[in-house]
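Report on the structure given below.
The values are calculated or read from the model by the stated rules, or taken from the named source; none is laboratory data. All of these numbers come straight from a predicted model, not from anything done at the bench. As a convention, Cβ positions derive from the backbone with ideal geometry for all residues, glycine included, and neighbour counts pool all protein chains shown.
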Amino acid sequence: MAGMKEKAKDCHAKPAQIFAEGVGNLPSTTKCRMPLEETAKRTFRNMKRKNLPPTPATLSELVIEGDLTTSGGKDSKRKPFRPSRRNGLSLHLRIDKPMFPSKLWNVHKSTLKGEDRINKQVEGWNNRFASIVGHDHPDIWVLILKMSMELSVDETKLVQLSLGVTQVKRKRKFFVALQGRHGSNPYAFNTGIAFS
């Protein structure tokens, strides 16, 4: 149990995973003396909470150490309008390039081709990350911890893709039928609605 407690302090695995890995290596005589799974998981969660730094009162007091820190580059304070001075007399606002190209957000051609009309990948990631965090207003350290976990999952997926392992995309039958019913021509669909 002591080894599992130490692992709970240091690693980012879920308590159920720590318990399963720890119990899997134990002999049967030791397994019978182990505490209940729920008790052990509660202990691991408490160990993780004790290991987090104190919550700061303001963002200026927040200090993030280790690999999670990044240095702000030239785009760290990016704004849509940047002040530029001409001859030092007046202030003119200069338009910056958008952070994301309009090609990424324009769905006109994809709608005509019968492809996805919304950015399902981004929405799916948002929903997944919300379920990983687990509550609406997380502590700053919990959020940082979950973001680092998500980063490691994404790195694993990138390695798998580079090795040729494909991620199977699940399609629900309802959405496939709905796409087929609307067809790839929304103008004909809208005209049919207008005349009925």
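Considering each residue of segment 109-134, count those that are closer than 25 Å to Lys14 by Cα and either in contact with a Gly (Cβ under 8 Å, 6 or more places away or on another chain) or of a type in the set (D, E, K, R) (or both), and give that number. Within segment 109-134, residues that are closer than 25 Å to Lys14 by Cα and either in contact with a Gly (Cβ under 8 Å, 6 or more places away or on another chain) or of a type in the set (D, E, K, R) (or both) number 2.
For segment 135-166, give me the residue count where each residue is closer than 30 Å to Asn46 by Cβ and either free of Cβ contacts under 8 Å to residues at least 12 places away in the same chain or surrounded by 12 or more Cβ atoms within 10 Å (Cβ to Cβ) (or both). Selection size over segment 135-166: 21.
Can we say Leu93 is at pLDDT below 70, over 25 Å from the mean Cα position of the chain (by Cα), surrounded by 10 or more Cβ atoms within 10 Å (Cβ to Cβ) and of a type in the set (A, V, I, L, M, F, W, C)? Judged against the criteria, Leu93 is a match.
Within the bounds of segment 45-57, is there any residue that is farther than 30 Å from Lys7 by Cβ and modelled with pLDDT of 70 or more? Yes: segment 45-57 contains one or more residues that are farther than 30 Å from Lys7 by Cβ and modelled with pLDDT of 70 or more. Ala194 falls short on exactly one of the conditions (1) loosely packed, with under 10 Cβ neighbours inside 10 Å; (2) at pLDDT 70 or above, and that condition is (2). Answer yes or no as to whether Leu62 is farther than 25 Å from Ser152 by Cα and at pLDDT 70 or above. Taking the combined requirement at face value, the residue does not satisfy it. Of the residues making up segment 135-151, those that are closer than 14 Å to Lys14 by Cα and out of contact with any helix residue (DSSP H, G or I) (no Cβ under 8 Å at 6 or more places or on another chain) number 1. Screening Thr111 with (1) part of a loop (DSSP other than H, G, I, E, B); (2) surrounded by 12 or more Cβ atoms within 10 Å (Cβ to Cβ); (3) modelled with pLDDT under 75 gives one miss only, at (1).
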